[in-house]
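Let me begin by presenting the structure, written as structure tokens, before commenting on it.
Throughout, read-outs are computed from the coordinates displayed, never taken from laboratory work. Since the model is a prediction, treat every value here as computed from it, not as a measurement. All Cβ positions, glycine included, derive from the backbone under ideal geometry; neighbour counts span all protein chains shown.
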Amino acid sequence: MALQQGNISIHAQNIMPIIKRWLYSDKDIFIRELVSNGCDAITKQKMLAPGSEEDYKVTVTVDEKTGEIRFSDNGIGMTAEEVEKYINQVAFSGAEEFLKNYEGDEKGGIIGHFGLGFYSAFMVADQVTIETQSGSEGAAPVRWVSEDGMAFTMAEGSRTRRGTDIILHIAEEEKEFTQEYRVREVLYRYCGFMNTPVYLEVVKEEPPVTDVNQPEGEAAPAIEVKEPVRINPNAALWLKAPKDCTEEEYKQFYRDVFHTYEDPLFYVHLNVDYPFNLKGILYFPKLTNDFGTREGEIKLFSGQVFVADNIKEVIPEFLMLLKGVIDCPDLPLNVSRSFLQNDGYVKKLSAYITRKVADKLTGLFNTERDKYESYWEDIHPFVKYGCMRDNKFFEQVKDTLLYKTTTGAHVTLSEYLSKNEGKLGKKVIYTSDPTRQSASIAQYDAEGIDVVVMDALIDLNFVSFVEYSAGVEGLSFARVDADAATFTKEQTEDEKLKNQADEKKLADLFTHATGNDDLTVQVSALKDATLPGMLVQDEQGRRFSEMGKIYGQDFKLPEKYTLVLNAENAVVKSLLAAEDGEKRDMMAAQVYDLARMSTRPLEKDEVTAFLARSNKLLELLCR
Ligand code: ADP
Ligand code: MG
């Protein structure tokens with residue numbers, strides 16, 4: 001074959017600068033592209049020679065000294081005609097489409113960079129050589145060389161074994177790709193589950209020449225030989241039929257993929273061929289309440305080739321709290337993210353994933369309620385978040401939502417209502433802080449009313465969501481300190497009249513002593529005689545101001561509290577009897593602070609004042 005020179009294709013001039021510019025951040029994908037081309041070539045060869053016992057593999061060799069990285073396979077190889085056809089002519093089968101999708105989508109970026117394939121090598125190389133030998137009869141080996149991906153030379157090569165070597169001479173500014181650690185990291189990320197054995201080989205410095213005059217007795221230094229390392233020793237478990245996978249395999253896979261010693265709680269194995277091809281395993285990790293700061297990790301694969309982590313466009317956002325792998329070989333990856341978002345296929349895929357996750361939850365709830373309850377503390381932020389994010393998901397799992405009571409039981413909404421309805425109607429009593437609010441909780445305990453714990457960050461929103469969405473007429477949630485009626489005793493008409501009179505006096509005293517003009521004072525007889533007072537706060541008003549705090553509103557909403565003072569408590573009685581003065585003001589302020597502390601933590605200045613006052617009061621006691 002005579003030396004041939006040429007230019008690759010008319011599109012190359014347009015696209016090469018774009019490849020270099022746009023893909024700047026993900027240059028390392030050239031490794032994925034070249035390894036997967038090697039795997040593809042091997043798959044083709046296997047189809048040509050079924051049952052052959054050949055030791056098929058792709059080997060990546062890095063040589064820091066020569067500045068080269070080589071991708072070597074024993075696949076099908078290419079004839080000169082094939083190089084002409086597959087490399088020179090249709091260099092960019094997807095080029096036009098790629099350009100179309102890419103233009104005007106500056107920030108989004110395409111998702112998989114697939115379809116660029118071989119030419120991605122020019123992102124990092126200042127010379128690319130193909131040495132290939134086709135397996136077909138009489139084919140001559142071919143050497144193809146190009147420096148810029150635009151002009152090439154092609155001549156008869158010297159390769160004798162069937163297969164292909166792609167040799168990249170790495171450009172000066174991309175030298176990291178001749179370093180073992182860098183290439184290894186990229187290989188594990190992208191090629192860890194490819195269907196053909198992939199090896200990394202490192203060319204070491206030449207061993208020092210043994211000195212013939214070396215004094216006797218001293219051994220020659222050992223020559224360091226680095227065995228090629230297998231990059232993908234683990235099978236892609238997600239491709240195995242679920243019935244053939246063992247519990248231990250699922251767990252081991254989780255530990256391998258996510259580099260953890262922890263076990264997952266449980267998992268969902270996705271396995272469909274129709275109406276789309278989707279395989280994967282989603283794990284429920286041990287989560288914590290502060291789900292906002294914990295991110296899951298879902299790895300997207302396309303035919304065992306890793307594409308990217310956490311692709312929001314494909315996987316419903318709330319599922320991102322899970323960990324796992326998803327393999328969708330038919331997903332269009334050389335399109336922009338914004339395209340994926342609106343793609344019908346992707347929507348169906350994501351709906352399917354959601355449904356399978358919901359099925360798993362309801363299945364567990366129906367058949368293994370004990371287990372499901374034991375998982376609840378770990379999974380509830382995820383499930384609640386999912387409900388608020390995705391109405392279909394909520395509809396599926398709504399009857400499996402649990403509420404933990406202060407006694408540690410787990411009940412559904414309908415179980416709670418049917419147990420407490422006689423006393424409460426369609427009301428659910430909850431605490432956002434079981435320790436701090438224990439005085440209020442005790443009052444409900446005394447009445448035999450269950451209190452549920454809603455202490456996660458998400459619960460503030462979730463409570464309102466359930467009221468609105470549960471489909472229970474008149475359903476409302478109230479915090480343990482939202483309603484004075486629960487804590488007060490019946491009183492005679494005379495007693496009530498006296499309370500009203502006292503109320504006026506005490507209101508003046510407390511607004512003066514606390515400096516809080518918004519405070520409403522009520523005098524009633526509390527069931528718990530030891531308490532001087534309790535602070536109650538209207539449920540809706542409190543939620544509103546808490547919401548404001550979470551979303552960082554800069555203005556502070558006035559907090560409307562009612563201080564319920566206990567007509568039958570000695571401290572209150574002595575406040576009524578005492579003379580004006582510092583001591584009386586201090587006592588009132590102390591009563592107010594103690595009541596506040598059973599609803600929420602004091603703020604910094606409040607704590608300082610409380611401590612100083614407490615010390616003073618102790619001093620007074622000593623006189
Ligand atoms: P794609 O893999 O999407 O077809 P590429 O640009 O990666 O696009 O490769 C273009 C074509 O070049 C391949 O389809 C294949 O025919 C040929 N090719 C590339 N690398 C190899 C290889 N290592 N062995 C045999 N053929 C190859
Ligand atoms: Mg390819």
- For the chain, the longest principal axis of the Cα atoms and the Cα long axis of helix 247-258 enclose an angle in degrees, to the nearest 10, of 80 degrees
- Query: Among 43-50, 252-259, what's the highest-first ranking by average C-beta atoms within 10 angstrom per residue?
  - Reply: 252-259, 43-50
- Neighbour net charge for GLN127 - beta-carbon separation under 10 angstrom, K R +1, D E -1: -4
- Residues of the range 29-52 with amide N under 17 Å of a point placed 7 Å along Cα→Cβ from TYR188: 32
- Message: For a quick check: sort TRP376, TRP238 by the number of other beta carbons within 10 angstrom, fewest at the front.
- Response: TRP376, TRP238
- Task: Rounded to the nearest 0.05, what FRET efficiency do GLU368 and VAL472 give with R0 = 30 Å and r taken as the Cβ-Cβ distance? Could you check?
- Result: 0.70
- Among 136-147, 488-499, how do they line up from the highest to the lowest mean number of other beta-carbon atoms within 10 Å? 136-147, 488-499
- Query: Can you list the lysines whose alpha carbon is less than 29 Å from that of LYS573, not counting same-chain residues fewer than 8 positions off?
  - Reply: LYS489, LYS496, LYS498, LYS504, LYS505, LYS527, LYS560, LYS583, LYS616
- Task: Just order 519-525, 562-568, 243-249 by mean Cβ neighbour count inside 10 Å, highest at the front, would you?
- Result: 562-568, 519-525, 243-249
- Estimated FRET transfer efficiency (GLU147, ALA484; beta-carbon r; R0 56 Å; 0.05): 0.10
- Task: Once you've got the Cα coordinates, tell me which of LYS85/LYS299; LYS44/LYS65; LYS312/LYS360; LYS323/LYS398; LYS243/LYS299 are over 32 Å apart.
- Result: LYS85/LYS299; LYS44/LYS65
- All aspartates and glutamates inside 12 Å of LYS46 as judged from Cα atoms, apart from same-chain residues fewer than 8 positions distant: GLU54, ASP55
- Query: If the cut-off is 20 Å between C-alpha atoms, which aspartates and glutamates fall inside it for LYS604, apart from same-chain ones fewer than 8 positions away?
  - Reply: ASP433, GLU546, ASP554, GLU559, ASP593
- Name the long-range amide H neighbours of GLN127: under 5 Å, sequence gap of 5 or more, or other chain; modelled H, no Pro or chain starts. HIS169
- Task: Show that you can apply the helix-only estimate: for the chain, add -39,500 (n - 2.57) for every DSSP H stretch of four or more residues, divide by all residues, and state [θ] at 222 nm to the nearest 500.
- Result: -11500 deg cm²/dmol
